[in-house]
Amino acid sequence: MTAPLPVRPPEPAATEAGEKPPQQRQPSRLLAPLRQTGQLFALALAVARAIFRRPFQVREFIEQFWFVASVTILPAALVSIPFGAVIALQVGSLTEQLGAQSFTGGASVLAVIQQASPLIVALLIAGAAGSAICADLGSRKIREELDAMEVMGVSPIQRLVVPRVLATMFVAVLLNGLVSVVGTLGGYFFNVIMQGGTPGAYLASFSALAQLPDLYIGELKALIFGFIAGIVAAYRGLNPRGGPKGVGDAVNQSVVITFMLLFAVNMIMTAIYLQIVPPKGG
């Protein structure tokens, strides 16, 4: 008797276009951005919950606070001077054409406090501190340090991510005040010296148009922008791809994503603020 021939399993039927059968198709790539967006929001919620959880890493927070402040203070001060000067010169030229030179100070200072200062701070934190945070967490990830922490029962989010996010938030709030002052002084100098404005008119227009909520919205923007920069940097650092090269790509992606989110959130917050808070004297 001959041995029975082995029975081959039936092959899945191929489609007419030569594509893989339906059960072997990979998930659509169009869903990848949505999945990553959901993971980013999940990380933000996890960090928000872990902020109030003990034990709080005080030493790590102080070290990260000092690092973020040391790499952003000087660039922020240097960038705010020409930024304030450009705004003052442009606004001064426009008000001169309209015959309203007396409102140059108020318009330029409001532009610096409400818009320019929070964005300058956020961009510097995302570019300098955020890239460093992303590279640090990414290198820990590819060395499997984060996996070892999870095996030992230590949460990487509470131990590493929360202190870094809080550091970026507090430094952003403090730097926003510095940039606002330096930018206002730079605008005052260029308006008075180069455009022939009077100091009294500059200060009088500022006191006539500005109000305290303008400072509040600037600080709130800086706080939220710092949170966004820290979360995006941490998310990309925790999810690198392809070893050391993937860490470098993650750093670049974190900076680009943060810039896009900052401008979108700034537009939304500005629109809401202008609807809620009436202008002074209105």
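The values are calculated or read from the model by the stated rules, or taken from the named source; none is laboratory data. The structure displayed is predicted, hence computed values, not measured ones. Cβ placement follows ideal geometry from the backbone for every residue including glycine, while neighbour counts extend to all protein chains displayed. With ligands, DNA and RNA removed, areas are computed over all heavy atoms of the protein, side chains included. Shrake-Rupley method; radii C 1.70, N 1.55, O 1.52, S 1.80 Å.
Here are a few things to note about the model shown:
- Across the chain, C-alpha contacts under 8 Å between residues 6 or more apart give a mean separation that, scaled by the residue count, equals a relative contact order of 28 percent.
- Globularity index of region 146-266 is 1.51 (Cα radius of gyration / 2.2 N^0.38 Å, N = number of residues).
- Loop-located trypsin sites (Lys or Arg not before Pro) in region 123-208 (DSSP state not H, G, I, E or B) with no more than 11 neighbouring Cβ atoms inside 10 Å: Arg143.
- Total formal charge among the other residues, if their Cβ is under 12 angstrom from that of Asn252, Lys/Arg +1 and Asp/Glu -1: +1
- Extension gain, Val256 back to Met194 (0.36 nm per residue minus Cα-Cα distance, nm): 18.7 nm
- Extension reserve of the Leu98-Val58 stretch, reckoned as 0.36 nm per residue once the Cα distance is removed: 9.0 nm
- Prolate/oblate/rounded label for region 34-75 (Cα gyration tensor, a/c 1.5): oblate
- Global form of region 152-201, assessed from the alpha-carbon gyration tensor, a/c cut-off 1.5: prolate
- Region 186-282: trypsin sites (Lys or Arg not before Pro) in DSSP loop, at most 13 other beta carbons within 10 Å: Arg241
- Distance histogram for the chain (every C-alpha pair counted, 5 angstrom bins, percent rounded to whole numbers): 1, 5, 10, 13, 14, 12, 9, 8, 7, 6, 4, 3, 2, 2, 1, 1, 1, 1, 0, 0, 0, 0, 0
- Principal-axis tilt of helix 58-98 within the chain, Cα atoms, nearest 10 degrees: 50
- For region 236-252 and region 110-133, distance of Cα centres in Å: 23
- Length added when fully stretched, Glu144-Met267, from 0.36 nm per residue minus Cα-Cα: 40.4 nm
- The chymotrypsin sites (Phe, Trp or Tyr not before Pro) of region 159-244 include none that meets both criteria, a DSSP state outside H, G, I, E and B (loop) and at most 14 other C-beta atoms within 10 angstrom of the site's C-beta.
- Solvent exposure, largest accessible area first (probe 1.4 Å, DNA, RNA and ligands not counted), of Thr270, Thr258: Thr270, Thr258
- For the chain, the Cβ-based charge dipole about the Cα centre amounts to some 580 debye (Lys, Arg positive; Asp, Glu negative; other atoms uncharged).
- Summed side-chain charge close to Pro156 - residues other than Pro156 whose Cβ falls under 14 Å, Lys, Arg +1, Asp, Glu -1: 0
- Within the listed set Val58, Val91, Val251, the residue fluctuating most in the Gaussian network model of the chain (springs between alpha-carbon atoms under 10 angstrom) is Val58.
- Exposure rule at most 14 other beta-carbon atoms within 10 Å, DSSP loop GluC sites (Glu not before Pro): the chain longest free segment: 145-282
- Note on Thr184: accessible area is roughly 40 Å² with a 1.4 Å probe, heavy atoms of protein only.
- Helix 162-193 and the long axis of the chain differ in direction by around 30°, with both axes built from C-alpha atoms.
- The accessible area of Thr37, taken with all protein chains in place and a 1.4 Å probe, comes to roughly 60 Å².
- Compared with the dominant Cα axis of the chain, that is its longest principal axis, helix 131-142 is turned about 20°.
- Exposure of Leu220 as accessible area (Å², to 10), given a probe of 1.4 Å and all protein chains: 80
- Calculated on C-alpha atoms, the gyration radius of region 31-104 divided by its Kirkwood radius gives an Rg/Rh of 1.29.
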